[in-house]
Amino acid sequence: MEGDCHYLDGNINARRRVEYAQRLLEQIGLEGKRVKMINLSSAMGSQFASTVAEFTEEICQIGPNPLHNGDHESQTGNNGPTHNLRTVIGPQME
Amino acid sequence: MIIAEQKSLDEIKNLLGDGKRVLVVGCGTCVTVCFAGGEKEAGILATTLRMNTQLNGDPKAVTHLTVQRQCESEYLDTIQDQVSEADVVLSVGCGIGVQALAEKYSDALVVPGLNTSFMGQPLEQGVWAERCQACGSCVLGVTGGICPIARCSKQLLNGPCGGTDDGRCEIDADLECAWQLIYDKLKTQERMHLLMDITPPKDWSSSRDGGPRKIVRKDLRLPGQEMSNDER
């Protein structure tokens, strides 16, 4: 759970990064709630399943990513129409 | 170091205008340290612009790169090709970097992505405070290392004023009274006698008040370099 990370404050740092990603998405014009973080242990299988099902429903309500054109080839590299946001956030918030 | 903040996305988009091919240029020095325009920030800004403009139906092709120091011409030599391919160069270096780019590549449209604010230092993570006004006539030797030009709201040279309030400034209670800090420091250093010397009115001609400044170091000039009017 939060603060009980195997990597000490790793999941606290992760939460800050997720919140940063949410703000970036809002700035871009997408919905920040497309990214979410919850804290579960590996023993909480049923909670994981219900949480994922719930989140899936939320995402379906929001709708597909309007920038996703289904062509993964064009989404790689510096010059692609979209760029993997995850790869540029990285350890920024350490 | 120089402290800057990124402009808002709306302001940046206005500056980019109709330019379709945008090159974001980061800097690996001061603006990296204050998380405003380093490699990470340049990459994130490029991605943000790319995605945002595509969402808005006016997609721009945005690339990014970072040079070690944007303020020195030699570091800009290697990016000529990328600059020539761009309609607009968005510099996320400090104001000096923006101007150096614009001067180096005079045919390029170079716009600033940052607001350059002050010379300062980090106090803690995410907090930077002004520490130097570049007045050109440093008094830190007699003020215990605390600058009354940068840190006193009234820029007093023989402070404190009558408004010092329990170590806080009467102009801005969030500020520590610089002269209280100077007093405390000189007391610790057993140099209180310095406070008895009256500092005369400052000659501001060495600061920006005296006009744009330039320093020429004759000892560093290379043989064969043309002498400027200042050197003659």
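Remarks
- For first residues located in region B:43-55 and facing chain A (nearest Cβ under 7 Å) and under 16 Å from B:Asp18 (Cα atoms), partners that are surrounded by 24 or more Cβ atoms within 10 Å (Cβ to Cβ) and not polar (S, T, N, Q) and lie 6+ apart or on another chain with Cβ distances below 8 Å form the pairs B:Arg50/B:Val62.
- Condition check for B:Leu195 on (1) in contact (Cβ under 8 Å) with a residue 40 or more places away in the chain; (2) within 20 Å of B:Ala150 (Cβ to Cβ): one failure, at (1).
- Residue count for region B:128-142 satisfying the condition of being in contact with a Ser or Thr (Cβ under 9 Å, 6 or more places away or on another chain) and either of a type outside the set (Asp, Glu) or at pLDDT below 95 (or both): 8.
- Residue match in region B:175-190 (condition: part of a loop (DSSP other than H, G, I, E, B), in contact (Cβ under 8 Å) with a residue 24 or more places away in the chain, in contact with a helix residue (DSSP H, G or I) (Cβ under 7 Å, 6 or more places away or on another chain) and not aromatic (Phe, Trp, Tyr)): no
- Across region A:7-38, the qualifying residues are those that are charged (D, E, K, R) and within 13 Å of another protein chain (Cβ to nearest Cβ), and the one among them that is surrounded by the most Cβ atoms within 10 Å (Cβ to Cβ) is A:Arg17.
- Matching helices (runs of 4 or more DSSP H) fully within region B:27-101 where at least 1 residues are within 19 Å of the chain's Cα centre (by Cα): B:30-33, B:39-55, B:73-76
Quick grid of which residues meet (1) surrounded by fewer than 23 Cβ atoms within 10 Å (Cβ to Cβ); (2) within 30 Å of B:Glu124 (Cβ to Cβ):
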{"residue": "B:Arg21", "(1), (2)": "yes, no"}
{"residue": "B:Cys27", "(1), (2)": "no, yes"}
{"residue": "B:Cys34", "(1), (2)": "yes, yes"}
{"residue": "B:Arg69", "(1), (2)": "yes, yes"}
{"residue": "B:Asp77", "(1), (2)": "yes, no"}
{"residue": "B:Gly93", "(1), (2)": "no, yes"}
{"residue": "B:Leu101", "(1), (2)": "no, no"}
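- Residue list for region B:56-78, restricted to those being among the aliphatic types (A, V, I, L, M) and away from chain A (no Cβ under 14 Å): B:Val67, B:Leu76
- Taken together, the residues in region B:144-191 that are β-branched (Val, Ile, Thr) and under 19 Å from B:Phe118 (Cβ atoms) amount to 3.
The values are calculated or read from the model by the stated rules, or taken from the named source; none is laboratory data. Computed from a predicted model, the values in this text were never measured in an experiment. Backbone-built Cβ (ideal geometry, glycine too); neighbour counts: all protein chains shown.
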